[in-house]
Structures are given as structure tokens and as C-alpha cells.
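Accompanying notes for the structure given below.
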Amino acid sequence: MKRFGLVVVVLTLLLYAGQALADYQLVRSIGPTVTGYGQLSFPWRLALDSTGNIWVSETGQNRVLELDSSGNFVTQIGDNRGSGNGQFDWPNGIAFDPSGNIWVADTHNYRIQEFSSSGTYLSQVGHYGTFAYPECITFDSSGNLYVADWGTSSVKKFNASGTLLQTFGGWGTGNGQFENVMGVAVDKSGDVWVGDVGNNRIQEFNSQGQYLFQFGSSGSNNGQFAGPAGIALDSLGNIWVADYGNARIQEFDSKGQYLTQFGSYGSGNDQFIYPSDVAVDSAGTVYVVDGYANNRIQVFSPVPEPSTLVLLGIGAITLLAYARRRWAA
């Protein structure tokens, strides 16, 4: 029993240490020139596939690019502006369904297009009237598609067959209302998190579109926003927000409590000019679209704080001592 208690204590320390990673450093910058492709032109959104490759909507050339984890060009979908199948007029949000197919918000064509993992056109959802400038998209674990529709200030939910199930939101400043929407994400419990750009807040809804909670306000202090443009959820359930007008990325816990931030206005390393989207992989690496003027994607990895390193050291020493006693027994 004593050994069991020791292991529990050590695992608790290590878990705390893992969650205490609060500082981030730039590990690479992708663009403005991409190896094997050329110059990026106004990248706007991104998503990560199951292999770690990076998919980027390049609005300046109406393409969606696939890059490997190092930022090298792999392939592309679309070429030149158009309204045919597989063409785009302002490609925007990107998401992967549970089968691994790629979905792209084709904003000025008022539709969402579906492609296979190799980039072959499969289908589409919506038209003018269904949407008024669809921005960001995401899926829940059941394959339902959520669309943040800028022009109607609402979120629309479709089933896997493309049938509209519900719409929630609408113009306003009250709970559950929006002044334009951009980012949207679904957590492990099925709750929907929405970037309410004009009201400078993040709102949470259940899977039926019922309002639950909100955080944020207008400003530049910790936890405030100047246009929350992109949202991502990490493996711990923490919420990451691309704070567009404040040129920074902010992190919050699942209760909306401010945790940390990085970035400032500019074109240097660790700086942004209107960051538009953010994604986080399973290792906690953060990807930021810095495309408005810098035409690049910046990639950051977590750095342990001194207190974290101490906890990790304690954990390692304790586990070593436990192992030696067990071997000697």
C-alpha cells in the first residue's frame, strides 16, 4: 500500500508538471517562401491532419496547401478563382471529419466543400441563402458539421449527410447572440465554443445550441480581446484564441480563466500582424497563422518553467528510488 501511495504522489507531481508548461518559444517559421512551392499569399486559416501535416487556406491565390510538419510543400487543392467543383473564391476555415476527409469553407461561393485526404473533390454543402460568408468550420465526434456564418452572425449545425439540423445565435449583444462570428471549436464533451468577434468574447453552448457561459471583454489586458478570430482546443481542454487586433495568442483553461499569452505587433520573431488562426497538436505545439502582412505560419513549443523542472526532477528521483527498492526486495 505504501508503494502504491508513493506512485500516486509521483504521478500527481508529474501531471502537475506537465500542466505547468506556461511559456512558449518559436521553433520555426514557415514562409513567406515555402520550399517546393514559392511565396505564400495571404494565408488565413489552418488545420492539422492525423499525420502532423499542415493544411493552409491561401486566400491570395484561392488554394488550399498541404505542407509537411517541417513546412515543405506537399500538394495543393484548387488553382485560381472559380465556382466549379474543387475551385474556391476565398478559401477559409479547414476541418477534418472523423473519416479524415478535408472540408473547406469556400466563403464567397457560400458553400463548404469536401475532399478526400488526397485532395479529390467529393461533395459540397450549402449555397447562397444557406450561408452568408461562412468563415470557420469544425466537426464533433459524431460527424456533425458546425459552421460559423459571418454574414448571419450565427452557427449552423449539419449532420453527416449535409442536412441542416439547427441554427443558433443571431445579431445582438445578449447571451447567446453575436456581432459576427469567426472561430468555432467543439470540445470532448460536445460543447461548442464560438468567437464572438464584435462583442470581443468567447461563448460556450451545448450541442443543442443552448447558451452556457462566456468570458472576455473588449480591451488589451489579460483575458480581453480585440477581435477573437480563431479558436483551438488542446488535449487538456484548454482554449487558445488568436487575438487579432492585439497581435497575440492567449490561452485559457476550460473555465475561461486566463493562463498565458505570447506575441506582440510586428514582423520579427514571436511577433504578429493580425494573427487570424491557431491550432495545437497533441504535443502542445502551437501553430499560428500570421498572414495579413507577414505571409507566414509561426510554430511555438512549450518551455518548462523553473518550477516545472524542479517537479520533474523530484519525480524522476522518487521513481528511481522506488525502482531500486523494488529490485532489492
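The values are calculated or read from the model by the stated rules, or taken from the named source; none is laboratory data. These figures come from a predicted structure and were not determined experimentally. Ideal geometry is used to build each Cβ from the backbone, glycine not excepted, and the neighbour counts take in all protein chains shown. Note: areas computed on protein heavy atoms with side chains; ligands, DNA, RNA excluded. Shrake-Rupley method; radii C 1.70, N 1.55, O 1.52, S 1.80 Å.
Brief remarks on what is shown
- The length gained by stretching the chain between residue 221 and residue 165 to full extension, at 0.36 nm per residue less their Cα-Cα distance, is 16.4 nm.
- Among 51-59, 161-169, the peptide with the highest mean count of other Cβ atoms within 10 Å heads the list, and the full ranking is 51-59, 161-169.
- Remark: the stretch 58-64, residue by residue, has Karplus-estimated 3J(HN,Hα) of 9, 5, x, 10, 6, 9, 10 Hz, where x stands for each Gly or Pro and the curve is 6.51 cos²θ - 1.76 cosθ + 1.60 at θ = phi - 60°.
- Look at the dipole of the chain built from charges on Cβ: of 84, 259, 274, the Cα furthest out on the positive end belongs to 259.
- The residues packed around residue 253, meaning those with a beta-carbon under 13 Å from its beta-carbon, carry a net charge of -3 if Lys and Arg are +1 and Asp and Glu are -1.
- Protection proxy ranking, peptides 243-253, 258-268, 63-73, average beta carbon neighbours within 10 Å, highest first: 243-253, 63-73, 258-268
- 1.4 Å probe accessible area per residue over the chain, in Å²: 43
- Overall form of the stretch 25-75 per C-alpha gyration tensor (a/c, 1.5; a/b vs b/c): rounded
- Portion, in percent, of the accessible area of the stretch 201-287 that falls on carbon or sulfur, probe 1.4 Å: 42
- Magnitude of the charge dipole for the stretch 58-188, about its Cα centre and with charges confined to Cβ atoms of Lys, Arg (+1) and Asp, Glu (-1), is about 240 debye.
- Relative to the longest principal axis of the Cα atoms of the chain, the long axis of helix 2-19 makes an angle of roughly 40 degrees.
- Only Cα pairs under 8 Å and 6+ residues apart enter the sum, and on that basis the relative contact order of the stretch 38-182 stands at 13 percent.
- Residue-averaged 222 nm ellipticity for the chain, from DSSP H runs of 4+ at -39500 (n - 2.57), nearest 500: -4500 deg cm²/dmol
- Note on residue 293 and residue 133: their simple-model spin labels are 2.2 nm apart, each label 7 Å out from Cα toward Cβ.
- Computed on the chain, with alpha-carbon pairs under 8 angstrom and 6+ residues apart, the relative contact order is 15 percent.
- Placing R0 at 35 angstrom, the Cβ-Cβ distance between residue 68 and residue 179 gives a FRET efficiency of 0.35 after rounding to 0.05.
- Mean separation of Cα contacts under 8 Å (6+ apart) over length of the stretch 206-299, as relative contact order %: 20
- Sites residue 189 and residue 142 - FRET efficiency at Förster radius 22 Å, r taken between beta-carbons, to 0.05: 0.95
- Bridge orientation summary for the stretch 175-242: considering DSSP beta bridges with both residues in this region, about 95 percent are antiparallel.
- Measuring how big the chain is from its alpha-carbon positions, Rg and Dmax come out at 21.0, 74 Å.
- Sequence ranges 92-100, 293-301, ranked by mean other-Cβ count within 10 angstrom, highest first: 293-301, 92-100
- Shape category assigned to the stretch 55-152 from the gyration tensor of Cα positions, a/c cut at 1.5: oblate
- Net lengthening on full extension, residue 116/residue 51 (0.36 nm per residue, minus Cα-Cα): 21.9 nm
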